[in-house]
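Below is one structure, written out as structure tokens; comments come after it.
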Amino acid sequence: MARPAPRLSRRSLLKAAGLTGAGSLAGVPLLTACGEGSRSGDASGRLTLGTTQIMQFDPYQTNTALHIHTFYAYLLDYTDDYTATPAAASKWEFAGDKKSVTVTLRKSEFQSGQAVTAADVVAGVERAKDPEAGFTLAATTAFIDRATAEDDRTVRLDFAEAVPDELVLDWMFAFPLVPAKRNDVAVLEKEPAGSGPFLMEDFRRDRLLRLKKNPDFWKSGEPRLDEVEFRFFRDEESLVSALESGDLDGALYLSLRNADRLRDRYELVQGAGRMDLFFMNGARPPFADKKVRQALARAIDRERIIDQVRFGLGKPVYTAFMPESPAFDAGYLDSHGFDLDAARKMLDAAGGPRKATAAFGPEPGAKDIVQAIQADFEKIGFELTLKPMEETAFLDALFAGELDCCIAAQPNNLQSPSLISRGRQMLPTEDNVMMGARVPARYAAAVEASRTALTPDAQATAYAELNEVLVDEAWAVGIATRPSLAALERNVSGYAVDKRDFLDLTRTDTA
């Protein structure tokens, strides 16, 4: 079950930011709210929410947090402690040799009225295994050799080799149910096709998305809302102003700098399922030189970024593992942490060009993070030019491998460290948009070893090797976990995010 996101009181926000009143923190203004919001939700179960995130309908391309639990159901869900609970699958049974699992689907229907069947899972696995069509699911589905429908509601997944249960459960948590006949890139580009809690009633790209309750959703009593309307904003200031004027019941995925502005009048809810990483394009200069990447990795001041940009919220990371991951190694924060003197010496030894362009999209805090990095890079003689981009253009350029470097989010890798490879910046193949044909063979081997390690000793060895190659290659440098912020009218309850910080409105309600 997706967890309710923690609510932040005024006191906890002030404590996290080190503040005792309104003012500023290291040059970041804390704004005081003005006026009084008038919208108070709708007793009939309607909710209007605003966001700056883009909207797309294909669950194989998880670059938006909005559609994951809106249109689609997944095989299982996770509790806070990663206990797997049934969702679209009612049960599953692993073979004793760890080479297969048999999954039983619960009786449910797609939003078209068609029954969900094992054949749909088989078609979904086949798409996921195709690197051209599987996108973010391709690398993480590679352990599956074949999927077989044993009957209408039973599917058997045979693995290429024995794998740990955690890898399979993580995969099931992220595998969406889509009808076989509509599981196609071109079809899902235009409209959703799932069995999730909401149906699409109206969509006007970059303007609004209106949803209505799916009366045939498998979970009795959910969703609780009858209607949800998302309104899309080009910038966060316009979004916050619309909230304050009473046009919205809530604003989602805000920068933490808005907490002080909104805390007295709204419920502030925090999620924490992503990380900020600084990615360097190892397929083009100056980052084709590993020594340059290693030098710049030592010039990122995580603590200052957390204090000034994230207002004291978030935890430092060095590679692309969350602190709760079995592969997280805090030792690298000491041995390879922020050290401008070391970074300067390493950069001088590397030689070569000392300038690049850093792109960033409208993600909350991205601009502030890259500005902080720019300032420290300048101190060691590296010139970083900043390039703000609209989100769609940013993603298109990122996925085409056209960026020198950038700030981008990396999702929670859950309990299987090999899932680090599911993002396009982290693929262990030449499809990696930051390394291309230069993706290290050692990295690919480390991902594979992490995928197949069954015993605690084998896992410890594999995870250590994976960390070592990531630190050595230094194209994906961790900064910190990224808390998200939602501001909601006080009558809104049950707002939740999953372990990846993806929105789940199935239990959201209004008083």
Check your understanding: Name the residues in region 121-136 that are open to solvent by less than 10 Å² (accessible area, probe 1.4 Å) and in contact (Cβ under 8 Å) with a residue 60 or more places away in the chain, would you?
Key -> ALA128, GLY134
Review point. Restricting attention to region 449-459, does a residue exist that is acidic (Asp, Glu) and either free of Cβ contacts under 8 Å to residues at least 60 places away in the same chain or under 17 Å from PHE321 (Cβ atoms) (or both)?
Key: yes
**Study point:** Complete set of residues in region 469-487 that are crowded, with 24+ Cβ neighbours inside 10 Å, outside any strand (DSSP E or B) and touching a Phe, Trp or Tyr at 6+ places or on another chain (Cβ under 6 Å)
**Key:** none
Point to revise | Qualifying positions in region 53-68 - more than 19 Å from ARG422 (Cα to Cα) and open to solvent by 20 Å² or more (accessible area, probe 1.4 Å) | key: ILE54
Practice item. Could you list all residues from region 204-224 that are open to solvent by less than 90 Å² (accessible area, probe 1.4 Å) and either in contact with a Pro (Cβ under 8 Å, 6 or more places away or on another chain) or farther than 11 Å from GLU109 by Cα (or both)? Key: LEU208, LEU209, ARG210, LEU211, LYS212, LYS213, ASN214, PHE217, LYS219, GLY221, GLU222, PRO223
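Let's see how each residue does on (1) assigned to a loop (DSSP other than H, G, I, E, B); (2) at pLDDT 95 or above; (3) open to solvent by less than 10 Å² (accessible area, probe 1.4 Å):
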position: ASP158; (1), (2), (3): no, yes, no
position: LEU167; (1), (2), (3): no, yes, yes
position: ASP170; (1), (2), (3): no, yes, yes
position: GLU191; (1), (2), (3): yes, no, no
position: ASP202; (1), (2), (3): no, yes, no
**Study point:** Members of region 349-390 that are open to solvent by 20 Å² or more (accessible area, probe 1.4 Å), assigned to a loop (DSSP other than H, G, I, E, B) and within 19 Å of ALA288 (Cβ to Cβ)
**Key:** GLY351, GLY352, PRO353, ARG354, GLY381
Check your understanding: Does region 425-446 contain any residue that is part of a helix (DSSP H, G or I), at pLDDT below 95, among the basic types (Lys, Arg) and farther than 23 Å from ALA358 by Cα?
Key -> no
Check your understanding: So, of the residues in region 178-189 that are assigned to a loop (DSSP other than H, G, I, E, B) and surrounded by 15 or more Cβ atoms within 10 Å (Cβ to Cβ), which turns out to be nearest to the chain's Cα centre (by Cα)?
Key -> VAL178
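Table: residues versus (1) in contact with a Lys or Arg (Cβ under 7 Å, 6 or more places away or on another chain); (2) of a type in the set (Lys, Arg); (3) within 24 Å of ASP504 (Cβ to Cβ).
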| residue | (1), (2), (3) |
| --- | --- |
| PRO131 | no, no, no |
| THR136 | yes, no, yes |
| ALA139 | yes, no, no |
| PHE143 | yes, no, no |
| ARG146 | no, yes, no |
| ALA149 | no, no, no |
| THR154 | no, no, no |
| ALA160 | no, no, no |
| PRO179 | no, no, yes |
Study note, to complete from the structure: Restricting region 238-260 to residues that are on the phi < 0 side of the Ramachandran plot and modelled with pLDDT under 95, the one most open to solvent (accessible area, probe 1.4 Å) turns out to be ARG257
Practice item. State whether the residues of region 275-282 include one that is in a loop (DSSP other than H, G, I, E, B), open to solvent by less than 30 Å² (accessible area, probe 1.4 Å) and not polar (S, T, N, Q). Key: yes
Exercise for review: Name, by its number, the condition in (1) open to solvent by 60 Å² or more (accessible area, probe 1.4 Å); (2) touching a Ser or Thr at 6+ places or on another chain (Cβ under 9 Å); (3) of a type in the set (Ser, Thr, Tyr) that does not hold for THR104.
Suggested key: (1)
Exercise for review: May I ask you to say which residue of ALA474, ALA400, ALA458 is closer than 23 Å to ALA297 by Cα and hydrophobic (A, V, I, L, M, F, W, C)?
Suggested key: ALA474
Review point. Does ALA460 fit the bill of being open to solvent by 10 Å² or more (accessible area, probe 1.4 Å) and among the aliphatic types (A, V, I, L, M)?
Key: yes
Review point. Just for region 39-52: of the residues that are open to solvent by 10 Å² or more (accessible area, probe 1.4 Å) and not in a strand (DSSP E or B), which one is modelled with the highest pLDDT?
Key: THR52
Practice item. Take LEU466 and decide whether it is modelled with pLDDT of 95 or more, in a loop (DSSP other than H, G, I, E, B) and hydrophobic (A, V, I, L, M, F, W, C). Key: no
Exercise for review: With respect to GLU227, determine if the residue is open to solvent by 20 Å² or more (accessible area, probe 1.4 Å), over 21 Å from the mean Cα position of the chain (by Cα) and free of Cβ contacts under 8 Å to residues at least 40 places away in the same chain.
Suggested key: no
Check your understanding: Which one of these does ALA393 not meet: (1) more than 19 Å from the chain's Cα centre (by Cα); (2) within 28 Å of GLY365 (Cα to Cα); (3) in a helix (DSSP H, G or I)?
Key -> (1)
Exercise for review: Consider ASP301 carefully, then state whether it is open to solvent by less than 40 Å² (accessible area, probe 1.4 Å), acidic (Asp, Glu) and closer than 20 Å to THR357 by Cα.
Suggested key: yes
Study note, to complete from the structure: Going through region 360-388 in order, the residues found to be at pLDDT below 95 and of a type in the set (A, V, I, L, M) are ALA366
Review point. What pairs can you find where one residue is in region 466-480 and free of Cβ contacts under 8 Å to residues at least 40 places away in the same chain and under 14 Å from MET435 (Cα atoms), the other is in a helix (DSSP H, G or I) and open to solvent by 10 Å² or more (accessible area, probe 1.4 Å), and their Cβ atoms are less than 6 Å apart, with a gap of 6+ or different chains?
Key: VAL469/ARG442
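The values are calculated or read from the model by the stated rules, or taken from the named source; none is laboratory data. Worth saying up front: this structure is predicted, and the values here are computed from it rather than measured. Positions of Cβ are generated from backbone atoms using ideal geometry, with glycine treated the same way; all protein chains shown enter the neighbour counts. The accessibility values were calculated without ligands, DNA or RNA, using every heavy atom of the protein model including side chains. Shrake-Rupley method; radii C 1.70, N 1.55, O 1.52, S 1.80 Å.
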